[in-house]
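Below is one structure; the comments refer to it alone.
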Amino acid sequence: MEEHHSVPITGILNKLSIKDLSISGKKVFIRVDFNVPLDENMNITDDRRIRSTLATINYAIDEGSKIILASHLGSPKGEPDKKYTLASIARRLQRLIKKEVTFVPNCLGPEVEEIVNRMSEGDIILLENLRFNPGEEENSEEFSKSLAKLVDFYINDAFGASHRHHASIVGIPKLLPSAAGFLLQKEIDYLQGVVNHPVRPFVAVLGGAKVSGKIDVIRNLEDKVDKVIIGGGMAYTFLKAMGYNVGDSLVEDDMLELANEIREAVVSKGIKFYLPVDCVIAQSIDAAAETKLVTAQEIPNGWKAVDIGPASVKLFSEALESAKTILWNGPMGVFEVDAFSRGTFSIAHAIADAYALTIVGGGDTDLAVSRAGVSESISFISTGGGAALELLEGKVLPGLEALTNKEIKDTE
Ligand code: AMP
């Protein structure tokens with residue numbers, strides 16, 4: 001799609017950017033988020049998170065920095081576990097960046113110090129998984145200090161991990177001049193800048209499993225959007241709260257009252273609130289299950305809604321037509337099963353075709369967009385799941401907060 005709106009840079013204005021630091025010829029620790037999905041043979045199934053950091057790494061190469069990259073991968077519980085080694089990620093990065101990347105099989109210790117001290121300008125090393133050391137998740141000061149003393153500057157380009165209070169996210173930046181990399185800046189610009197200052201009409205499309213996971217997002221968007229479209233499992237809690245029989249669909253009974261309150265609050269502000277009008281139902285979440293198409297008022301007991309139906313797709317697509325900004329978070333149904341994926345993929349196409357600035361808020365939704373084959377037509381797809389949700393909930397990311405404020409640099 002053509003990019004015809006400028007992206008306001010707002011959220012990050014008070015923090016240093018990598019361009020504000022004189023990193024030329026210096027040792028720079030770049031925290032990246034290389035926590036990529038792997039298959040059972042440990043092959044990387046999606047390298048978008050690696051590709052998304054290339055702008056920052058290439059900038060540091062051009063500046064002649066000595067680049068020390070570090071990331072976590074999976075949850076290895078504070079000790080080495082070869083299942084979670086970053087060795088294959090170093091190889092993938094080397095292919096993508098077309099430059100030698102030295103993998104260091106430790107994240108701390110004399111070997112790391114020796115290698116860092118021997119680095120020349122433009123060299124790149126990738127340290128082993130930070131979570132092989134318990135200090136990372138415990139945010140140990142000692143761990144942060146040991147890493148900080150190796151380098152001159154700290155850059156955070158690990159958006160997907162920036163909601164974590166871990167040493168490499170909040171500890172090291174307190175000890176060094178620290179700035180945001182280009183990916184972190186872009187994520188904040190879209191998920192905070194655009195969302196807080198959208199070109200209207202602004203439509204939020206929310207789906208996924210549970211209302212409880214998205215309540216704070218709806219609350220935060222309440223004052224910003226013109227329309228809210230609800231699909232996925234969470235729709236059935238809203239429908240049940242309105243008095244419909246939703247059969248065996250996913251419902252959070254403890255959220256019924258809150259669902260009504262939220263719907264009423266949204267509608268009372270003049271925001272249009274859309275729920276599915278029809279759905280695909282099945283007796284079990286199983287590719288071979290028999291399916292039926294029914295209206296949202298007619299879901300029989302023993303059956304559950306697994307996707308939105310064609311009338312809902314039409315209703316939602318029409319609601320999206322006039323949008324100038326669209327935010328999408330959460331699939332419209334159990335799209336992982338082919339037979340239940342049509343609603344999600346149709347909405348992915350409607351969003352991709354809209355003459356609007358389109359933002360996909362990470363998590364499962366980026367997988368849905370890529371399976372629908374429309375990733376290239378979306379203005380921005382976030383690389384973060386939890387971090388994206390926290391920003392959309394209006395929270396401050398600890399990793400961003402920990403970076404050096406702009407004023408402090410003036411006194412250096
Ligand atoms: P979330 O992480 O909250 O965005 O939820 C994503 C998950 O919601 C996906 O794995 C979907 O399979 C699931 N989901 C979407 N629609 C439904 C539904 N109608 N019933 C049960 N699960 C659903």
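A few remarks follow.
- Residues of type aspartates and glutamates that Lys224 reaches as a straight line, Cα spacing below 13 Å, ignoring anything fewer than 8 places off in the same chain: Glu393
- Between Ala87 and Val337, the simple spin-label model (points 7 angstrom out along Cα→Cβ) gives 4.0 nm.
- Under 15 Å, Cβ to Cβ, from Glu318 - net charge with Lys/Arg +1 and Asp/Glu -1: -1
- Normalised by the number of residues in the chain, the mean separation of alpha-carbon contacts (under 8 Å, six or more apart) gives a relative contact order of 17 percent.
- Phi angles across region 172-178 convert, under the Karplus curve 6.51 cos²θ - 1.76 cosθ + 1.60 with θ = phi - 60°, into 3J(HN,Hα) values of 4, x, 6, 9, 9, x, 10 Hz, Gly and Pro given as x.
- With a Förster radius of 35 Å applied to the beta-carbon distance between Lys314 and Asp253, the computed FRET efficiency rounds to 0.70.
- Selection from Leu176, Asn35, Gly74 lying farthest towards where the dipole of region 18-187 points positive, charges on Cβ: Asn35
- If you take the Cα centroid of region 338-412 and the Cα centroid of region 30-82, the two points sit 19 Å apart.
- Per-pair calculated FRET efficiency, R0 = 41 Å: Glu40 and Gln283 via Cβ, rounded to 0.05: 0.85
- Net charge of Cβ neighbours under 15 Å - reference Glu63; Lys, Arg +1; Asp, Glu -1: -1
- The length gained by stretching the chain between Glu111 and Ser377 to full extension, at 0.36 nm per residue less their Cα-Cα distance, is 91.3 nm.
- Estimated purely from DSSP H runs of n ≥ 4, each contributing -39500 (n - 2.57), the mean residue ellipticity at 222 nm for the chain is -8000 deg cm²/dmol once divided by its residues.
- Distance between region 211-277 and region 132-153 - C-alpha centres, whole angstrom: 43 Å
- A simple rule links phi to the HN-Hα coupling: the Karplus curve 6.51 cos²θ - 1.76 cosθ + 1.60 with θ = phi - 60°, which for region 142-152 gives 4, 4, 4, 4, 4, 7, 4, 5, 6, 9, 9 Hz, with x for Gly and Pro.
- Virtual spin-label span in nm between His165 and Ser140, 7 Å along Cα→Cβ: 1.8 nm
- Electrostatic bookkeeping for Ser162 treats Lys and Arg as +1 and Asp and Glu as -1; over the other residues with beta carbon under 10 Å from its beta carbon, the sum is -3.
- Normalised per residue, the accessible area of region 18-187 is 42 Å², obtained with a 1.4 Å probe and no contribution from ligands, DNA or RNA.
- Expressed as a whole percent, the accessible surface of the chain that belongs to carbon and sulfur atoms is 46, based on a 1.4 Å probe.
- Taking amide hydrogens as placed 1.01 Å from N in the peptide plane, the amide H of Tyr274 sits under 5 Å from those of Val228, Ile229, Ile230, each at least 5 positions away in sequence or on another chain.
- With R₀ set to 25 Å, the beta-carbon distance separating Lys210 from Ser322 gives a calculated FRET efficiency near 0.25.
- Nearest-ten-degree value, helix 87-97 long axis tilted from longest Cα axis of the chain: 90 degrees
The values are calculated or read from the model by the stated rules, or taken from the named source; none is laboratory data. What you are looking at is a predicted structure, and each value in this text was computed from that prediction instead of being measured. A quick note on method: Cβ atoms are made from the backbone with ideal geometry, for glycine too, and the neighbour counts reach across all protein chains shown. Areas reflect the complete protein model, heavy atoms only, side chains present, ligands, DNA and RNA absent. Shrake-Rupley method; radii C 1.70, N 1.55, O 1.52, S 1.80 Å.
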